[in-house]
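Worksheet: the structure to be examined is printed underneath.
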Amino acid sequence: MVLHVGDVLPEVEAPKMDRLRLAYMAVSMRDPNLVHMEDDYAARSGLPGVIAHGTFVVSYAGAAVSRVVGVDAIKRLKVDVTGPVFLGDVLRTRAEVVDVEPAADGELLRLDLTVNRDDGQTVGRGEAVVVQRSR
Amino acid sequence: MSREIGHRFPEAEFRIDPARVEEYVTALGVEPTPGYRAVPGAEVPPGFFMYVTTYGAEPVHDQLGFDMFRTVYGGTEVEMYHPVRVGDTLSVRPQITGVTEKDGRSGRLTFVELTTEYLRDDGTVVLVERSNTVQRSQ
């Protein structure tokens, strides 16, 4: 599949956020922060309940790109986490090719990335640079 | 506690354990590529690389004097220079590269940028990860 400026990649709809996902992420990351585990702890930070690791937002944005071009094609992934993700939220990605420039072995594509909660709030914004090899 | 720009943490070794990558992909519930399996030799998605995972949260957060109640994760930038594979062992070198203070509506905010280099045995930098965290004063 050859990508062009203006192309929108297939959306990634993440499964509904639940405690088991947070537990798996906490274990994978060895993250000791209880704001992802205990509602009481999160409440003391002024949150209505536990929040998902920012890694979810960054990774779903990355997955929207890698599922199309492969992991090794990604040269750069930058995602700012702009809002919290709570239990029950379903995240959806949007990735659009916005720029192309020639590179030594093909083209470098730049994609704008957005991750939204199902209530419409944007929780991640960023960009990816991927190499598209000439064939 | 020190937030001196340029501070380098002692280098550590991180092996990209298949179990860690599998747990990460299970947590997401979305495969980085269709049919992905976290076996030795498999690609490692950029979102996996986070100093908390690869270096450990405590040594960094202790040094930075972060109070987790007042800390918000701001985002990550990962630059991939060479392919990285499940099963690889990399040297991990975190460094404080940015400290900015701003007055916000809810008090003083401190923005900390931590840049972590990942190197192969031969000294080649394969990946650089830059993470941003925000610490509220209250």
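Under 15 Å from a point placed 7 Å out from the Cα of B:SER137 along the Cα-to-Cβ direction: which residues of the stretch B:92-118 have their backbone N that close? Correct set: B:100-111.
Counted by neighbouring Cβ atoms within 10 Å, the residues B:SER106, B:SER131, B:SER2 run from fewest to most as B:SER2, B:SER106, B:SER131.
In sequence order, the stretch A:15-24 has phi-based couplings of x, 3, 5, 9, 5, 5, 4, 4, 5, 4 Hz under the Karplus curve 6.51 cos²θ - 1.76 cosθ + 1.60, θ = phi - 60°, and Gly or Pro positions carry x. Taking amide H positions as modeled 1.01 Å from N, with prolines and chain starts lacking one, the residues under 5 Å from A:THR82 and 5 or more places away or on another chain are A:GLY124, A:ARG125.
Stretching B:THR97 away from B:ASP17 to a fully extended chain increases their span by 26.0 nm, per 0.36 nm per residue minus the current alpha-carbon distance. Applying 0.36 nm per residue to the separation of A:GLN121 and A:ALA104 and subtracting their alpha-carbon distance, the gain on full extension is 2.2 nm.
Fraction of C-alpha pairs exceeding 13 angstrom in the stretch B:83-133: 64 percent, rounded to a whole number. Rounded to the nearest whole angstrom, the semi-axes of the ellipsoid equivalent to chain A, taken from the Cα gyration tensor as √(5λ), stand at 32, 14, 11, largest first. Under the criterion of Cα pairs below 8 Å and six or more residues apart, the relative contact order for chain A equals 28 percent. Taking 25 °C and 0.890 mPa s as the conditions, I'd like the Stokes-Einstein D for the stretch B:33-138 in µm²/s, using the Kirkwood hydrodynamic radius from alpha carbon pairs. Rounded, D is 162 µm²/s.
Both radii are taken from the alpha-carbon atoms of the protein assembly as shown; with Rh as the Kirkwood radius, Rg/Rh is 0.95. Couplings 3J(HN,Hα) of the stretch B:78-93, computed from phi: 10, 10, 10, 9, 9, x, 10, 10, 4, x, 5, 10, 10, 7, 10, 10 Hz, in residue order, whole Hz [Karplus 6.51 cos²θ - 1.76 cosθ + 1.60, θ = phi - 60°; x for Gly and Pro]. For A:LYS16, the aspartates and glutamates whose Cα comes closer than 14 Å to its Cα, not counting residues fewer than 8 places off in the same chain, are A:ASP89, A:ASP118, A:ASP119. Look at the alpha carbon pairs under 8 Å that are at least 6 residues apart: their mean separation over the length of chain B gives a relative contact order of 31 percent.
Couplings 3J(HN,Hα) for the stretch A:44-59, derived from phi with the Karplus relation 6.51 cos²θ - 1.76 cosθ + 1.60 (θ = phi - 60°), are 5, 8, x, 9, x, x, 4, 10, 6, 4, x, 4, 4, 5, 4, 6 Hz, where x marks Gly and Pro.
Compared with the dominant principal axis of the Cα atoms in chain B, helix B:18-28 is inclined by about 70°. Each part reduced to its alpha carbon centroid, the stretch A:16-37 and the stretch B:40-89 end up 15 Å apart.
Every number in this text was worked out from the coordinates using simple rules, so none of it is lab data. These numbers were taken from a predicted model, which means no experiment stands behind them. Heads up, the Cβs are rebuilt from the backbone with ideal geometry, glycines too, and the neighbour counts pull from every protein chain shown.
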